[in-house]
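Asks: To start, I am sharing the structure in question, which I have written as C-alpha cells.
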Amino acid sequence: MRKVCLPLFLSAVLAGCGGGAQNSSLSTSPLVPAKTQLQVMVTSPANNSTVGTPVNFVATATTTCARGIASMTLLTAPGQVGYKVNGAKLNANLSLNPGSYSTQVQSSDNCGGTAASNVQITVQPATPPATAVSAGANTLSSLQKSSGWKGYALEPTSYSICSSCQPGGPQTTWSSQQGITSPSLSGSAMRFDIGGQTQYSDVLWNNHLIGDFSTQGIFDSNHTIASATHNFVYDVYFFSTNLPASQALEFDINQFVNGQSFIWGHECRIAGGNEWDIWDNQGQKWHPTGVSCKPVNNAWNHLTIAAQRTSDGHLLFQTITLNGQTATLNYYESPTSTSWQGITINYQMDGNGTQQPYTVYLDNLNFSYW
C-alpha cells in the first residue's frame, strides 16, 4: 500500500475401529466389519534429535478405514495441544522454549480408530544471527514497551492519514495493547489488531524516537544527533496465528534532517505475493526487490533491517535478514524535502481484499543508530 511519508507516526501405536470379532456360534449375528489399521508417521523432527526453534513438525496418517482420516493433533506435552488439523497431513512450525519435550502426534479416522507416534526432542537455545550493529552504536531497547505509539488509519485510494477515522471504525478498526505475556519472548510483548469494513485499508503505528516530539527524552534541539547519524538497524521479533490474512507488514526507518526526508520503507507482502518491496521516496511508490518474504505462521519470526544515509545524501537500503536468511540489497534512493527534524520508526499492517481481521505481536524491538 502507499507509503505515508509524514513522521506521525511455530513406536506408532495401532488401533482399530468397528466392533469385536464375529461370533460364529450365533448364526443370527450380524456381520462385523474387519478391524481397520491406522498408522501415524512423523518425518520431522527425528526422534531423539536436537533442533532449533521454531520446530517444524511434519506427519502423515494412513488408515484402512474407507472413510479416511478425520484429524491429526500435535501434543507438545501430555494434554497440551500445540496444533490440530483436519485430514491426514500435518505440517506446523511451533516456537518452543529451549528444553526437552516428549511430543506426540495423534490421529483419528472416521471409523473411530486412533493411533499416535511419540517423538522425543531437545530444543536448543536460538543462536543470535550476526549483527550489523557497530560497537559504538546507540541502542534503544524493548521499544514495544515504550510509550508514544500512535495508530492512524490509511484509507484507499490516497492512503494518506485519515483524520476523521476512529479506532472503532467502521471504515477501519485498530487497537494495540502492551504488556502481553503470552505469546511473548521477553514476557512483555505488544499486540496490534486491524479490521473494519474498508478492503485494502491499512493501519500505521508510529513512534518519535529522537528530535521533534521525542518519546525517549532525546529532543536534539540543536539537531546534532540527527546530523551525525548515518546508520540504522531495526531489529524485531513478530508473531501471528493468522499471517495469511495480512496483505503486507511494513517496517520503516525515517530520518528528517537538514531539510530532507529519508524514508527507508520495507514492506513484506504476504497475501500480496510473498516478496519484499522498498519505498521509492521521490516516486512515491513501492519498488519490488525480488527477495522472497515468507514469515512463518504461528511462530516467532526475527527480522533485522539495516539502512544508511550515505555521505553524499542518499538512502542506502543495505540488508534484510528474516529468520537467519540475509538478503543484500545495496539499493540507492534519493530523499525528498521536509521541515521536520528527528528520527522515527513505523510499524504498519495492511488489510486484504476482504479486510479480514488479524493480530500481530511484536517483541524485543530494538533500534540502533550511529
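Asks: I'm trying to understand the selection: among the residues of the range 311-343, which are closer than 26 Å to T215 by Cα and polar (S, T, N, Q)?
Replies: The answer is T336, S337, T338, S339, Q341.
Asks: So, one more: Taking the range 269-304 as the region of interest, how many residues are touching a Lys or Arg at 6+ places or on another chain (Cβ under 9 Å) and either buried (at least 19 other Cβ atoms within 10 Å of the Cβ) or of a type in the set (G, A, S) (or both)?
Replies: Quick first cut of the range 269-304, residues touching a Lys or Arg at 6+ places or on another chain (Cβ under 9 Å) only: 270, 274-277, 279-281, 284-286, 288, 293.
After this cut, where a residue has to be either buried (at least 19 other Cβ atoms within 10 Å of the Cβ) or of a type in the set (G, A, S) (or both) as well, the list is 270, 276-277, 279, 281, 286, 293.
Adding up the residues that qualify gives 7.
Asks: Is it the case that the range 238-246 has a residue that's over 21 Å from P357 (Cβ atoms), at pLDDT 95 or above and not charged (D, E, K, R)?
Replies: The answer is no; no qualifying residue exists.
Asks: List every residue pair whose Cβ atoms lie under 7 Å apart, where the two residues are 6 or more positions apart in sequence or sit on different chains, the first residue falls within the range 225-246 and is farther than 30 Å from I180 by Cβ, and the second residue, located anywhere, is modelled with pLDDT under 95 and open to solvent by less than 10 Å² (accessible area, probe 1.4 Å).
Replies: Nothing qualifies.
Asks: While we're looking at this one, here's another question. What are the pairs, 6+ residues apart or on separate chains, where a residue within the range 197-222 that is within 16 Å of Q144 (Cβ to Cβ) has its Cβ under 7 Å from a residue that is open to solvent by 50 Å² or more (accessible area, probe 1.4 Å) and assigned to a loop (DSSP other than H, G, I, E, B)?
Replies: Short answer, once both residue conditions are applied: N206/L8; L209/Q216; T215/S147.
Asks: Restricting to the range 234-268, and then to whatever is touching a Ser or Thr at 6+ places or on another chain (Cβ under 9 Å) and among the charged types (D, E, K, R), can you tell me which residue is most open to solvent (accessible area, probe 1.4 Å)?
Replies: Looking at the filtered set, the residue picked out is D235.
Asks: Additional query: Any chance you could count how many residues in the range 320-340 are β-branched (V, I, T), part of a strand (DSSP E or B) and buried (at least 19 other Cβ atoms within 10 Å of the Cβ)?
Replies: Here is the first cut: in the range 320-340, the residues β-branched (V, I, T) are 320-321, 326, 328, 336, 338.
From what is left, the residues that are part of a strand (DSSP E or B) are 320-321, 326, 328, 336.
So of that shortlist, the ones also buried (at least 19 other Cβ atoms within 10 Å of the Cβ) come out as 320-321.
Of the residues in that region, 2 qualify.
Asks: Can you give me the number of residues within the range 89-115 that are more than 11 Å from L74 (Cα to Cα), open to solvent by less than 30 Å² (accessible area, probe 1.4 Å) and hydrophobic (A, V, I, L, M, F, W, C)?
Replies: So the count comes out to 2.
Asks: Testing V55 on (1) at pLDDT 80 or above; (2) open to solvent by 40 Å² or more (accessible area, probe 1.4 Å), one condition comes back false. Which one is that?
Replies: (2) is the only condition that V55 fails.
Asks: Would you point out which residue out of I343, I305, I263, I253 is of a type outside the set (G, A, S), under 28 Å from G187 (Cβ atoms), assigned to a strand (DSSP E or B) and over 21 Å from the mean Cα position of the chain (by Cα)?
Replies: Working: I305 fails: over 21 Å from the mean Cα position of the chain (by Cα); I263 fails: under 28 Å from G187 (Cβ atoms); I253 fails: over 21 Å from the mean Cα position of the chain (by Cα).
I343 is the lone residue from the list that is of a type outside the set (G, A, S), under 28 Å from G187 (Cβ atoms), assigned to a strand (DSSP E or B) and over 21 Å from the mean Cα position of the chain (by Cα).
Asks: Suppose we filter the range 168-191 for residues that are over 15 Å from F239 (Cα atoms), surrounded by 12 or more Cβ atoms within 10 Å (Cβ to Cβ) and either in contact with a Gly (Cβ under 7 Å, 6 or more places away or on another chain) or at pLDDT below 95 (or both); how many remain?
Replies: Residues meeting the conditions: 5.
Asks: Okay, next question. Under 8 Å between Cβ atoms, at least 6 apart or on separate chains: pull out the pairs that start in the range 163-192 with a residue that is basic (K, R) and end on any residue that is open to solvent by less than 40 Å² (accessible area, probe 1.4 Å) and assigned to a strand (DSSP E or B).
Replies: Within 8 Å, the pairs are R191/I180; R191/T359; R191/V360; R191/Y361.
Asks: Within 16 Å of W279 (Cβ to Cβ) and either open to solvent by less than 10 Å² (accessible area, probe 1.4 Å) or in contact with a Cys (Cβ under 6 Å, 6 or more places away or on another chain) (or both), is that true of A307? Steps first, please.
Replies: On the way: within 16 Å of W279 (Cβ to Cβ): yes; either open to solvent by less than 10 Å² (accessible area, probe 1.4 Å) or in contact with a Cys (Cβ under 6 Å, 6 or more places away or on another chain) (or both): yes.
Here the answer is yes, as A307 does meet what is asked.
Asks: Looking for whichever is more than 30 Å from P54 (Cβ to Cβ) and either crowded, with 20+ Cβ neighbours inside 10 Å or touching a strand residue (DSSP E or B) at 6+ places or on another chain (Cβ under 7 Å) (or both) here; the options are T224, T198, T157. Which one fits? Spell out the reasoning first.
Replies: Numbers: T224 fails: either crowded, with 20+ Cβ neighbours inside 10 Å or touching a strand residue (DSSP E or B) at 6+ places or on another chain (Cβ under 7 Å) (or both); T157 fails: either crowded, with 20+ Cβ neighbours inside 10 Å or touching a strand residue (DSSP E or B) at 6+ places or on another chain (Cβ under 7 Å) (or both).
Selected residue: T198, the only one of T224, T198, T157 that is more than 30 Å from P54 (Cβ to Cβ) and either crowded, with 20+ Cβ neighbours inside 10 Å or touching a strand residue (DSSP E or B) at 6+ places or on another chain (Cβ under 7 Å) (or both).
The values are calculated or read from the model by the stated rules, or taken from the named source; none is laboratory data. Note that this is a predicted model, so its numbers are computed, not measured. Counting neighbours? That spans all protein chains shown, and the Cβs are built from the backbone with ideal geometry, glycine included. Keep in mind that these areas ignore ligands, DNA and RNA; they rest on the heavy atoms of the full protein, side chains included. Shrake-Rupley method; radii C 1.70, N 1.55, O 1.52, S 1.80 Å.
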